[in-house]
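**Student:** Below is the structure I would like to discuss, written out as structure tokens.
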2 protein chains.
Amino acid sequence: MPRESRGTVTLADVARAAGVSLATASFVLSGRGGSRSAGSAETKKKVRAAAAELGYVPNRHAQAMRTGRGGGVVLALGTLDDPWGVQLTAQVRDDALAHDLSTLVLADERWYEYLLGASADAALVTSVDFVADGPDRVRRLASSTHTGIIAFSAQMEPEGFDVVSSTPVRAIGRAYHRLRARHDRVQLLAPDLGRRVGGTLAHPRTRAFLEAAREHGDPGEQRVHIVPEGSHETYLAGLEWLRGPDLPEAVICFTGYQAVALQLAAERAGVRVPEELEIVSIGDVPAKSEFFGPISYYGVDDVFVRLARIIVDRAVDREDRPGSLHTFDWEFFPGTTTRDTDGAS
Amino acid sequence: MPRESRGTVTLADVARAAGVSLATASFVLSGRGGSRSAGSAETKKKVRAAAAELGYVPNRHAQAMRTGRGGGVVLALGTLDDPWGVQLTAQVRDDALAHDLSTLVLADERWYEYLLGASADAALVTSVDFVADGPDRVRRLASSTHTGIIAFSAQMEPEGFDVVSSTPVRAIGRAYHRLRARHDRVQLLAPDLGRRVGGTLAHPRTRAFLEAAREHGDPGEQRVHIVPEGSHETYLAGLEWLRGPDLPEAVICFTGYQAVALQLAAERAGVRVPEELEIVSIGDVPAKSEFFGPISYYGVDDVFVRLARIIVDRAVDREDRPGSLHTFDWEFFPGTTTRDTDGAS
DNA sequence: GTAAGCGGTTCATTCCACTGG
DNA sequence: TCCAGTGGAATGAACCGCTTA
């Protein structure tokens, strides 16, 4: 049973209880076995026993201050309100736990300030491309902290940090092409982003759509259907759309939840999918939120597993790796909302 | 422009640049203004300017180690996969930002180990009652760290930490009563919890339902309808239920997402709500996930605002307050899934 | 302004038992 | 038998950046 002395149990307490020096205790409990003097088997046992007995938990801050690491894995997701982040977090948590690292999600947007003073083991930054100064800040972080940075960006090159490049731009082109082969009018359902990132029309996804339309000689701007954000709003707007005069027949959805809402609206309006309306989502739709059959989508195979592995690898690896570029390719995953049956591009 | 010397900017750098001593710089940048020598206005300006110029960010770990605080606000939610936590986090983030505190969500279940070595400013622990040793660990945390603990528990008394007591038990009784007045059979829709927390039937919510049924002389066990977890699964099971021989007429839903799924299933099955089926949710349903009209529910008025205030208060207040008990009362919020029009219990 | 830590990590050093010439 | 040489085990002490007497 842990002695409840009167406060925190420190390494010094453990060392005293085990009858060894502070340095030795530290070596046993945290030093890499590969080091010179790993300690005798006997000593190790004693120290470990004492630590367990006292319920010793290392002070992360002391540890982090000395080594520049130890803060665990930090995920700067920007918003929690996104199933993508939720799924990623679950996977990272599982992987990290195997290495005794805790996983933290930063809930605000100040990743730069936070990470500068935090010494995490590894950190994922997703909003690099969407924030002024993003790339600069990532570089600065990588050069002045020991934190392993993983930048989600389509524009950066790795320099001492990893870069994950995963852009749906080409996928959108292919989606357009795919649907255009069967329909005269292919439309984009997009959320109203207000003034964020320059507005909906300036967003890379919309731009990719417009570009694809242009290649086919179609009037892209007229094919973009902007609705308010949120599931409920999208559902309502979708209902109106499907019952109105401008009935769509082939729709690319900007994001997963919109596809879910549109599918539901179609169900409700009595529009048969995919016979009368084909729907393709950009980005995968979490199984948990799909009420009806699976939605056809473009996405990255095994994103979460792959991304989590990259992150946790960075956290575990103490070496100064140069940093690598991971390019994620988007593929088509047919569901029940399109007439395709195979995954050919 | 920030000098990019070659590493981290420390307080010493700032002091040197400003031409003052380390102590002075520390006083100006972090010391409470109330202290003895706050420094002359002139000095303050110089130091602040130097800090800004260099892009100084205090090292949280050093700060935390010295003071026992500084880790920001930590929310030990266990999982992000719950809209309740997401909504709370958003509110806490807003409140905390006003005090320059960052908000972190701990994604794994090891809150005890994490907090023991972390010196957060404040931490919310939600799973106290559902984990062996929970209360003990909370006490130990409060006594051996400076972190302000807020324990979400219906069983504990505050002892140097705050306790938020918010149990739906009585609300479930009232819901039963409310529906029973109009129906012979009131049922509970619950997720299959497997062996967690002792199984669905052992969960406090289920127990409260059974108790309520017993009071009315109803066979409670027969009225519990257990379905697999997840929106989609619940939707499918709900469909089957509504089309089967055991058609329900009044259902209390264990949790919000189940109510959403059931409402959807009813819509799909052509069962009119609330005319043929009344639905009450235990716990509020996030507006964003409601496709149809608002669902009637029992919940706590302004939970998120109130809870966030409690948490951030604890984080900001450096005094050793004794800790207080906050009791949250559950009320009825009528929506369109019941025939009630007023909120009377 | 000076200086003493907070709790760990880690380099340089001492200590020791044992080898072989 | 004695002693320089050797390498593993354990320790001393500096130090990370900041707060505060």
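The values are calculated or read from the model by the stated rules, or taken from the named source; none is laboratory data. Computed from a predicted structure; not experimentally measured. Cβ coordinates were reconstructed from backbone atoms using ideal geometry, including for glycine residues, and neighbour counts include every protein chain displayed. For accessibility, only protein heavy atoms count, side chains too; no ligands or nucleic acids. Shrake-Rupley method; radii C 1.70, N 1.55, O 1.52, S 1.80 Å.
**Student:** Counting only residues that are among the aliphatic types (A, V, I, L, M) and within 14 Å of another protein chain (Cβ to nearest Cβ), which one in the stretch A:250-272 is surrounded by the fewest Cβ atoms within 10 Å (Cβ to Cβ)?
**Tutor:** A:A269
**Student:** Sort out which residues of the stretch A:72-108 are assigned to a strand (DSSP E or B) and of a type outside the set (A, V, I, L, M), and write them in order of number.
**Tutor:** Across the stretch A:72-108, the qualifying residue is only A:T103.
**Student:** Consider the stretch B:207-224. How many of its residues are over 13 Å from B:A250 (Cβ atoms) and open to solvent by less than 20 Å² (accessible area, probe 1.4 Å)?
**Tutor:** 2
**Student:** Just name the residue that is least open to solvent (accessible area, probe 1.4 Å) out of those in the stretch B:37-48 that are of a type in the set (D, E, K, R) and farther than 25 Å from A:S144 by Cα.
**Tutor:** It comes out as B:K44.
**Student:** Just to be sure I understand, how many residues within the stretch A:93-143 are open to solvent by less than 20 Å² (accessible area, probe 1.4 Å), in contact with a Gly (Cβ under 8 Å, 6 or more places away or on another chain) and of a type in the set (G, A, S)?
**Tutor:** Total meeting the criteria: 7.
**Student:** Now for a separate question. Answer yes or no as to whether B:V285 is closer than 22 Å to B:V163 by Cβ and within 14 Å of chain A (Cβ to nearest Cβ).
**Tutor:** For B:V285, the condition - closer than 22 Å to B:V163 by Cβ and within 14 Å of chain A (Cβ to nearest Cβ) - is not met.
**Student:** Which of the residues spanning the stretch A:89-108 are more than 29 Å from A:Q258 (Cβ to Cβ) and facing chain B (nearest Cβ under 8 Å)?
**Tutor:** Matches in the stretch A:89-108: A:A96, A:L97, A:S102, A:L104.
**Student:** Determine, yes or no, whether B:A237 is more than 14 Å from every other protein chain (Cβ to nearest Cβ) and buried (at least 16 other Cβ atoms within 10 Å of the Cβ).
**Tutor:** no
**Student:** Take the residues of the stretch B:49-75 that are under 22 Å from the mean Cα position of the chain (by Cα) and within 16 Å of DNA strand C (Cβ to nearest atom): which is surrounded by the fewest Cβ atoms within 10 Å (Cβ to Cβ)?
**Tutor:** B:R69
**Student:** Within the bounds of the stretch B:215-228, is there any residue that is on the phi < 0 side of the Ramachandran plot and under 23 Å from the mean Cα position of the chain (by Cα)? Quick ask: steps written out before the conclusion?
**Tutor:** Step one: of the stretch B:215-228, the residues on the phi < 0 side of the Ramachandran plot are B:215-216, B:218-228.
Narrowing the set further to residues that are under 23 Å from the mean Cα position of the chain (by Cα) leaves none.
No - not one qualifying residue is present in the stretch B:215-228.
Each row is one residue, and each column tells you yes or no for (1) open to solvent by 20 Å² or more (accessible area, probe 1.4 Å); (2) more than 23 Å from A:T206 (Cβ to Cβ); (3) in a helix (DSSP H, G or I).
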{"residue": "A:L242", "(1), (2), (3)": "no, no, yes"}
{"residue": "A:L247", "(1), (2), (3)": "yes, no, no"}
{"residue": "A:E275", "(1), (2), (3)": "yes, yes, no"}
{"residue": "A:P294", "(1), (2), (3)": "yes, yes, no"}
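**Student:** If you take the residues of the stretch B:179-206 that are in a helix (DSSP H, G or I) and of a type in the set (D, E, K, R), which of them is surrounded by the most Cβ atoms within 10 Å (Cβ to Cβ)?
**Tutor:** Across the stretch B:179-206, the extreme among qualifying residues is B:R205.
**Student:** When the stretch A:47-63 is examined, which residues are found to be within 13 Å of DNA strand D (Cβ to nearest atom) and more than 13 Å from chain B (Cβ to nearest Cβ)?
**Tutor:** Hits for the stretch A:47-63 are A:V47, A:R48, A:A50.
**Student:** Assuming A:Y176 fulfils every condition listed in (1) open to solvent by 10 Å² or more (accessible area, probe 1.4 Å); (2) within 27 Å of A:T234 (Cβ to Cβ) apart from one, which condition is it?
**Tutor:** (1)
**Student:** Working only within the stretch A:158-173, note down all residues that are acidic (D, E) and assigned to a loop (DSSP other than H, G, I, E, B).
**Tutor:** A:E159
**Student:** Where residues in the stretch A:6-28 are touching a helix residue (DSSP H, G or I) at 6+ places or on another chain (Cβ under 6 Å), open to solvent by 60 Å² or more (accessible area, probe 1.4 Å) and not in a loop (DSSP other than H, G, I, E, B), which of them is farthest from DNA strand C (Cβ to nearest atom)?
**Tutor:** A:A17
**Student:** Using beta carbons and a limit of 7 Å, which pairs, at least six apart or on different chains, have the first residue in the stretch A:14-25 and more than 8 Å from DNA strand D (Cβ to nearest atom) and the second one assigned to a loop (DSSP other than H, G, I, E, B)?
**Tutor:** A:V14/A:Y56
**Student:** Any idea how many residues of the stretch B:272-284 are of a type in the set (A, V, I, L, M) and farther than 22 Å from B:P191 by Cα?
**Tutor:** Going through the stretch B:272-284 one residue at a time, the tally reaches 0.
**Student:** Name the residue that is surrounded by the most Cβ atoms within 10 Å (Cβ to Cβ), counting only residues in the stretch A:76-88 that are of a type in the set (A, V, I, L, M) and facing another protein chain (nearest Cβ under 8 Å).
**Tutor:** Residues of the stretch A:76-88 that are of a type in the set (A, V, I, L, M), as a first pass: A:76-77, A:80, A:86, A:88.
Filter once more, keeping what is facing another protein chain (nearest Cβ under 8 Å): A:80, A:86.
Values: A:L80: 22, A:V86: 20.
By that ranking, first place goes to A:L80.
**Student:** Another question about this same structure. From the list B:L106, B:L22, B:L54, which residue is under 25 Å from A:L115 (Cβ atoms) and touching a strand residue (DSSP E or B) at 6+ places or on another chain (Cβ under 6 Å)?
**Tutor:** The unique qualifying residue is B:L106.
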